[in-house]
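To start, the structure under review is shown below, and the notes come after it.
The values are calculated or read from the model by the stated rules, or taken from the named source; none is laboratory data. What you see is a predicted model, and the numbers here were worked out from it, not measured in a lab. Here the Cβ positions follow ideal geometry from the backbone for every residue, glycine too, while neighbour counts run over all protein chains shown.
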């Protein structure tokens, strides 16, 4: 039954999911900041699994996320996780599309509305570092962190009001001294998630089992 399925979604993709999911499919949203510490992300997701009292199937709108979803104990539930490394594949529509982009342009930093809203981009990181460590140190940290990125790509999804986000993404590219490209996102992965059509592009963790990073390869 639909009411026994719940989505556990990163806030970076909240708006995309909210525009697509049926009203009877519930969703919880998790703060983006946990991505920075995969152990804490795993701990928070495990807590949500353990405390869930209504749904018997939890669908994660995540990828492996620096192994933040490695080692989740399903307990008495079934866990469904996209077989991808991170959410860029979800925004682009498939793991194959991401792989194609990565092979052609490995030094690409991807942005979306959700990433920008969660202050998860190099320029906003720079602003935070500048407040903490001063301008010179902030520039050094950012230059070292992003020196291998040669392009910023903004993923345009079907959300309204994205022009200002695209313009901001161009500013981030200029800030990094990188090239820029706008890409069109695809709905196909999100459609599978919200329609509960979990094919081979998902890792299914049955009750009593544990998610393993090998299953995402």
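Some points to look at:
- Looking across the range 68-93, the residues that are assigned to a loop (DSSP other than H, G, I, E, B) and within 13 Å of the chain's Cα centre (by Cα) come down to 68, 69, 83, 84, 85, 86, 93.
- Residue in the range 38-45 that is in contact with a strand residue (DSSP E or B) (Cβ under 6 Å, 6 or more places away or on another chain), surrounded by 14 or more Cβ atoms within 10 Å (Cβ to Cβ) and on the phi < 0 side of the Ramachandran plot present: no
- Matching residues in the range 198-214 - criterion: being in contact (Cβ under 8 Å) with a residue 40 or more places away in the chain and either more than 16 Å from residue 70 (Cα to Cα) or under 19 Å from the mean Cα position of the chain (by Cα) (or both): 198, 200, 201, 202, 203, 204, 211, 212, 213
For (1) under 19 Å from residue 90 (Cα atoms); (2) in contact with a helix residue (DSSP H, G or I) (Cβ under 7 Å, 6 or more places away or on another chain); (3) in a helix (DSSP H, G or I), each residue gets a yes or a no:
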site	(1), (2), (3)
123	no, yes, yes
136	no, no, yes
143	no, no, yes
173	no, no, yes
180	no, yes, no
186	yes, yes, no
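- Scanning the range 188-205 for residues being touching a helix residue (DSSP H, G or I) at 6+ places or on another chain (Cβ under 6 Å) and either in a helix (DSSP H, G or I) or closer than 16 Å to residue 13 by Cβ (or both) gives a total of 3.
- Residue 166 farther than 21 Å from residue 84 by Cα and either without any contact (Cβ under 8 Å) to a residue 12 or more places away in the chain or within 19 Å of the chain's Cα centre (by Cα) (or both): yes
- Scanning the range 140-158 for residues that are over 25 Å from residue 103 (Cα atoms) and at pLDDT 95 or above, we see that the one that is nearest to the chain's Cα centre (by Cα) is 141.
- Residue match in the range 119-129 (condition: surrounded by 15 or more Cβ atoms within 10 Å (Cβ to Cβ), in contact with a strand residue (DSSP E or B) (Cβ under 9 Å, 6 or more places away or on another chain) and closer than 30 Å to residue 55 by Cα): no
- Residue in the range 56-63 that is in a loop (DSSP other than H, G, I, E, B), in contact (Cβ under 8 Å) with a residue 24 or more places away in the chain and more than 17 Å from residue 112 (Cβ to Cβ) present: yes
- Scanning the range 145-163 for residues that are part of a loop (DSSP other than H, G, I, E, B), closer than 27 Å to residue 18 by Cα and touching a residue at least 40 places away in the same chain (Cβ under 8 Å) yields 157, 158, 159, 162.
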